Amino acid sequence: MKKFILLLMAIAMVAVAVPALAQVQDCNLDFDVTVTKTVTVTKDVDIDKDFTYDVQSFIFPDAFAECEVYKCDYNSLNYLTSWTGLYTDDITDSFNAFIGIGQVNQAAGYMNNQGNIVAAAVVTNVLETAAMLEAAVEQTNYLNLLTSDFDISQAYITDSFNDFTGIGQANQSPGHMNNQNNVVAISAGIGGVGVVASNETYLTQSNTLGLVNANFPINSNSISGSFSGFTGIGQVNQSAGSLNNQANIVSISYVGPNPF
């Protein structure tokens, strides 16, 4: 096609040069090019996998470690009106270089549910051990109404939860009608050959029929220079907004030699 167009241009140049001697004044050239290209690619992949397990066993452990955790939070049928409010949660230069468990909740807002949980069941230096763990967290926001004008909600964690060893958990809610949870559940048989480890963990969260009427809100969450250099578990929730569900869960069931 390109060579064909170049050929037409060369012919056109000759056609213009020759009639010029005969004093022809006008020369009009029109080109219409139509290109149609259709590409069809069809790829079908069908993968079916079926697994069926039926296991029956009888165990006779020398020790038994069992841990159960249940946490239910409900926000329902609440009404809140806020005019020109300032709600601030701030953690600065805190919970650094500790050993063990550090937990904190901050709620500058209204009608919030917050929780930090650490539960452990441990047996050590037993030849045969069974470890069972069950953890369940349920959070519900139902039929809540929030009306606000010119509200400022802000959450800050600055230079905190650094270089610790263990478990660090934090919740901040300068907003309203929020559910927040940090959960750590441990069931372990350490130092033996182990028998069985069972773990069941459930999380249910629901937001239903909630309504927020907010005019010119300012919501901000910030984590700066924090949760660095630690060894263990670090969990955090921030909710400058409203009608939110937030959860961190760590669930461990273990039997066997000392892993440390």
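Each value in this text was obtained by applying a stated rule to the coordinates, not by laboratory testing. Since we're looking at a predicted model, the values are computed, not measured. Every residue, glycine as well, gets a Cβ built from its backbone with ideal geometry; the counts of neighbours run over all protein chains shown.
In terms of the Cα gyration tensor, with a ≥ b ≥ c the square roots of its eigenvalues, is region 85-134 rounded because a/c is under 1.5, prolate because a/b exceeds b/c, or oblate? Cα axes put region 85-134 in the oblate bin.
Between Phe150 and Ile59, the distance separating the two model label sites (each 7 Å from Cα on the Cα→Cβ line) works out to 6.3 nm.
How would you rank Leu127, Leu209, going from fewest to most other Cβ atoms within 10 Å of each one's own Cβ?
Values: Leu127 13, Leu209 10.
Ranking Leu127, Leu209 by Cβ neighbours within 10 Å, fewest first, gives Leu209, Leu127.
Taken along the Cα-to-beta-carbon direction at a fixed 7 Å, the label points for Asn125 and Val193 span 2.0 nm. Remark on region 63-105: Rg and Dmax equal 18.9, 59 Å (Cα only). In percent, rounded to a whole number, the relative contact order of region 151-260 is 53, using alpha-carbon pairs under 8 Å and six or more apart.
Listing Asp151, Asp90, Asp163 from fewest to most neighbouring C-beta atoms within 10 Å gives Asp163, Asp90, Asp151. Fraction of C-alpha pairs exceeding 20 angstrom in region 192-260: 60 percent, rounded to a whole number.
Region 120-161: which chymotrypsin sites (Phe, Trp or Tyr not before Pro) are DSSP loop and have at most 15 other beta-carbon atoms within 10 angstrom?
Phe150
Take every Cα pair under 8 Å whose residues are at least 6 apart in sequence, average their separation, divide by the length of region 63-256, and the relative contact order is 33 percent.
Evaluating kT/(6 pi eta Rh) at 4 °C and 1.567 mPa s, with the Kirkwood radius of region 63-256 over Cα pairs in the Stokes-Einstein relation, gives 72 µm² s⁻¹.
In region 120-161, the convex hull through the Cα atoms has an average projected area of 7.2 nm², a quarter of its surface area. Exposure proxy for Ile186, Ile152, Ile157: other Cβ atoms within 10 Å of each Cβ, ordered fewest to most, give Ile152, Ile186, Ile157.
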